[in-house]
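I'd like to ask you about the structure that follows.
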Amino acid sequence: MIKFPVPIGENNKIVIIGGVNVLEKIDLAYEVAKEFKHSCEKLNLPYIFKASFDKANRSSFESFRGPGLEEGLKMLEEIKNTLHIPVLTDVHEPYQAKQVAKTCDVLQLPAFLARQTDLVKELASTGRPIHIKKPQFLSPQQVGPIVDKFSKFGCQDVVLCERGTNFGYDNLIVDLLGLETMRKASQNKPISFDVTHSLQFRKSGSNVSDGRGEHALILAKGVVATGIDALFVEAHTDPKKALCDGPSALATKLIYPFLSQIKDIDSLVKSQNKITK
């Protein structure tokens, strides 16, 4: 089993990686984290809080990016210590890795940067487990070389995350068969699924992403039925007012009923796996 803040893989309960897309205000992030934590405690599911301190890959110059490294890490540390939960955030620049690792329990390699060797090297050197977002422009088989890079730099503790694949222009499709291909290509590393970003699409002529948040549950249920190891989902107290990716976010009030159905499916699939092994 890989080193992770909570048990993951090997037919363990599905891990919930949930939070906000980007840190806006500490009160909002805390409220979302608290709702995820309480819901996961009720359902007896392992939980990791997720939030970005900087969204460096915005399409538009005017788009909100977040509080930045210093202020963002302070907010993440406050949530971590107040709620006593592990935290995850993404790292965009090699110089950020070691500083982020002092606060965060899991570091995330963004999809657009998954081939950046210098960034991979710095992430691997932190000793933290890495959550790798599969680029939407790569086939499932092509995750193997990314995992191999981490291995060459001395890091075996990686989780691979599917977040949809480009299908023509302005659309993402989730390949259910590709999830097992990713697992085999990575030599059986744990697999997670980012339901939120898989719901994104681009309106023609627009410089911001739209989303299909109303389909979050049906997409998540379909993927969880394949026996994945973790589910990545973002929420907001008012998705219509979110400063980033609101149309794909889950409303905070829906977190518990959403996760309740996810747990039921995961429990069924994992119980059958035990019988067949």
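Take the conditions over 30 Å from Ser267 (Cα atoms), at pLDDT below 95 and more than 15 Å from the chain's Cα centre (by Cα) and apply them to Pro67. Does it pass?
Working: over 30 Å from Ser267 (Cα atoms): yes; at pLDDT below 95: yes; more than 15 Å from the chain's Cα centre (by Cα): yes.
Against the criterion (over 30 Å from Ser267 (Cα atoms), at pLDDT below 95 and more than 15 Å from the chain's Cα centre (by Cα)), Pro67 qualifies.
Next question. Looking at (1) assigned to a helix (DSSP H, G or I); (2) open to solvent by less than 50 Å² (accessible area, probe 1.4 Å); (3) more than 16 Å from Val233 (Cβ to Cβ), which one does Ala33 not meet, given that it meets all the others?
In the conditions (1) assigned to a helix (DSSP H, G or I); (2) open to solvent by less than 50 Å² (accessible area, probe 1.4 Å); (3) more than 16 Å from Val233 (Cβ to Cβ), Ala33 misses (3) alone.
Evaluate the following for Val143: is it closer than 24 Å to Gly178 by Cα, open to solvent by less than 10 Å² (accessible area, probe 1.4 Å) and either in contact with a strand residue (DSSP E or B) (Cβ under 9 Å, 6 or more places away or on another chain) or not hydroxyl-bearing (Ser, Thr, Tyr) (or both)? Before the answer, list the steps.
Values: closer than 24 Å to Gly178 by Cα: yes; open to solvent by less than 10 Å² (accessible area, probe 1.4 Å): yes; either in contact with a strand residue (DSSP E or B) (Cβ under 9 Å, 6 or more places away or on another chain) or not hydroxyl-bearing (Ser, Thr, Tyr) (or both): yes.
Judged against the criteria, Val143 is a match.
Something else: Could you figure out which of (1) modelled with pLDDT under 95; (2) within 18 Å of the chain's Cα centre (by Cα) isn't true of Lys25?
(2)
Also: Would you mention how many residues in region 146-171 are in a helix (DSSP H, G or I) and open to solvent by less than 20 Å² (accessible area, probe 1.4 Å)? Quick ask: steps written out before the conclusion?
Our first condition is that a residue be in a helix (DSSP H, G or I); within region 146-171, this holds for 146-152.
Filter once more, keeping what is open to solvent by less than 20 Å² (accessible area, probe 1.4 Å): 146-147, 150.
Total meeting the criteria: 3.
Considering (1) over 14 Å from the mean Cα position of the chain (by Cα); (2) within 21 Å of Arg183 (Cβ to Cβ); (3) open to solvent by less than 10 Å² (accessible area, probe 1.4 Å), say which one Val100 fails and leave the rest.
Against the list (1) over 14 Å from the mean Cα position of the chain (by Cα); (2) within 21 Å of Arg183 (Cβ to Cβ); (3) open to solvent by less than 10 Å² (accessible area, probe 1.4 Å), Val100 comes up short only on (2).
I'd like to check something: does region 162-178 contain any residue that is over 18 Å from Ser248 (Cα atoms) and of a type in the set (D, E, K, R)?
yes
Could we say that Ala56 is open to solvent by less than 80 Å² (accessible area, probe 1.4 Å), at pLDDT below 95, of a type outside the set (Phe, Trp, Tyr) and more than 30 Å from Leu268 (Cβ to Cβ) here?
Details: open to solvent by less than 80 Å² (accessible area, probe 1.4 Å): yes; at pLDDT below 95: yes; of a type outside the set (Phe, Trp, Tyr): yes; more than 30 Å from Leu268 (Cβ to Cβ): yes.
It is true that Ala56 is open to solvent by less than 80 Å² (accessible area, probe 1.4 Å), at pLDDT below 95, of a type outside the set (Phe, Trp, Tyr) and more than 30 Å from Leu268 (Cβ to Cβ).
Can you report the number of residues in region 103-130 which are in contact with a Leu (Cβ under 6 Å, 6 or more places away or on another chain), closer than 15 Å to Ala51 by Cα and either in contact (Cβ under 8 Å) with a residue 60 or more places away in the chain or open to solvent by 50 Å² or more (accessible area, probe 1.4 Å) (or both)?
Count: 1.
Please verify whether Phe49 is aromatic (Phe, Trp, Tyr) and over 18 Å from Val159 (Cβ atoms), treating the condition exactly as stated.
Details: aromatic (Phe, Trp, Tyr): yes; over 18 Å from Val159 (Cβ atoms): no.
In short, no.
Could you please find all residues in region 83-97 being open to solvent by 10 Å² or more (accessible area, probe 1.4 Å), in contact with a Leu (Cβ under 8 Å, 6 or more places away or on another chain) and not in a helix (DSSP H, G or I)?
His92, Glu93
Return the total of residues in region 116-140 being part of a loop (DSSP other than H, G, I, E, B) and at pLDDT 95 or above. Give the derivation first.
Taking region 116-140 and keeping what is part of a loop (DSSP other than H, G, I, E, B), we get 116, 126-129, 134-139.
Of the ones still in play, those that are also at pLDDT 95 or above are 116, 126-129, 134.
Final tally of qualifying residues: 6.
State whether the residues of region 172-186 include one that is crowded, with 19+ Cβ neighbours inside 10 Å, among the β-branched types (Val, Ile, Thr) and assigned to a strand (DSSP E or B).
Checking region 172-186: not a single residue is crowded, with 19+ Cβ neighbours inside 10 Å, among the β-branched types (Val, Ile, Thr) and assigned to a strand (DSSP E or B).
Only one of Gly18, Gly66, Gly9 is in a loop (DSSP other than H, G, I, E, B) and open to solvent by less than 10 Å² (accessible area, probe 1.4 Å). Can you tell me which?
Working: Gly18 fails: in a loop (DSSP other than H, G, I, E, B); Gly66 fails: open to solvent by less than 10 Å² (accessible area, probe 1.4 Å).
Only one candidate qualifies: Gly9.
So, in region 243-277, of the ones that are at pLDDT below 90 and open to solvent by less than 80 Å² (accessible area, probe 1.4 Å), which residue ends up farthest from Lys50 (Cα to Cα)? Write out each step before concluding.
Within region 243-277, the first condition is being at pLDDT below 90, and the residues that meet it are 243-249, 272-277.
Checking the rest, the ones that are also open to solvent by less than 80 Å² (accessible area, probe 1.4 Å) come to 244-249, 273.
Numbers: Cys244: 14, Asp245: 15, Gly246: 16, Pro247: 18, Ser248: 15, Ala249: 13, Asn273: 29 Å.
The extreme case among them is Asn273.
Another question, if that's okay. Where the second residue is open to solvent by 70 Å² or more (accessible area, probe 1.4 Å) and among the β-branched types (Val, Ile, Thr) and the first is closer than 16 Å to Ala114 by Cα and lies in region 151-175, which pairs have Cβ atoms under 7 Å and are six or more apart or on separate chains?
These pairs meet every condition: Gly164/Ile173; Thr165/Ile173.
The values are calculated or read from the model by the stated rules, or taken from the named source; none is laboratory data. Predicted model, so just to flag it, every value in this text is computed and none were measured. Neighbour counts are summed over all protein chains in view; Cβ atoms, including those assigned to glycine, are modelled from backbone coordinates with ideal geometry. For the accessible areas, the whole protein counts, side chains as well, though only heavy atoms, and no ligand, DNA or RNA atoms are used. Shrake-Rupley method; radii C 1.70, N 1.55, O 1.52, S 1.80 Å.
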